[in-house]
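Enquirer: If you scroll down you'll find the structure; I have some questions about it.
The values are calculated or read from the model by the stated rules, or taken from the named source; none is laboratory data. What you see is a predicted model, and the numbers here were worked out from it, not measured in a lab. All Cβ positions, glycine included, derive from the backbone under ideal geometry; neighbour counts span all protein chains shown.
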Amino acid sequence: MLNDTADPAAPEAATIAEAERLLRQGEPLLAYNMAETGLQQWPGHIRLHQLLALALARSGDTRAAYEQSRPGNNRIYLYLGSGRKK
């Protein structure tokens, strides 16, 4: 079952917050590592999959990012498919 909780008290909240912070600071490889570590504990977590795909895209590996994006990650999927860069 996929989990996309926004509960700040959820155990994965710290991992998500750290991955997002790393992305904001321009550290996609560190954000990738954080998201990947989180997915080892919560493999069906949608937000962690989104962050992993976004970290891959921002590090330049758009093919892996596109492959990582899933039908549940429509926002990332559309972003990657558009060819736009932030």
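Enquirer: Pick from the stretch 36-64 the residues that are among the hydroxyl-bearing types (Ser, Thr, Tyr) and in a helix (DSSP H, G or I): which of them is nearest to residue 20 (Cα to Cα)?
Expert: Among those residues, the one meeting the criterion is 37.
Enquirer: Only one of 16, 76 is surrounded by 14 or more Cβ atoms within 10 Å (Cβ to Cβ), at negative phi, modelled with pLDDT under 80 and of a type in the set (A, V, I, L, M, F, W, C). Can you tell me which?
Expert: On the way: 16 fails: modelled with pLDDT under 80.
Sole residue among the options that is surrounded by 14 or more Cβ atoms within 10 Å (Cβ to Cβ), at negative phi, modelled with pLDDT under 80 and of a type in the set (A, V, I, L, M, F, W, C): 76.
Enquirer: While we're looking at this one, here's another question. Please go through the stretch 26-50 and give me each residue that is more than 10 Å from the chain's Cα centre (by Cα) and of a type in the set (A, V, I, L, M), ordered by number.
Expert: 29, 30 - these are the residues of the stretch 26-50 that are more than 10 Å from the chain's Cα centre (by Cα) and of a type in the set (A, V, I, L, M).
Enquirer: Residue by residue through the stretch 44-66, note down the ones that are loosely packed, with under 15 Cβ neighbours inside 10 Å and modelled with pLDDT of 90 or more.
Expert: Across the stretch 44-66, the qualifying residue is only 60.
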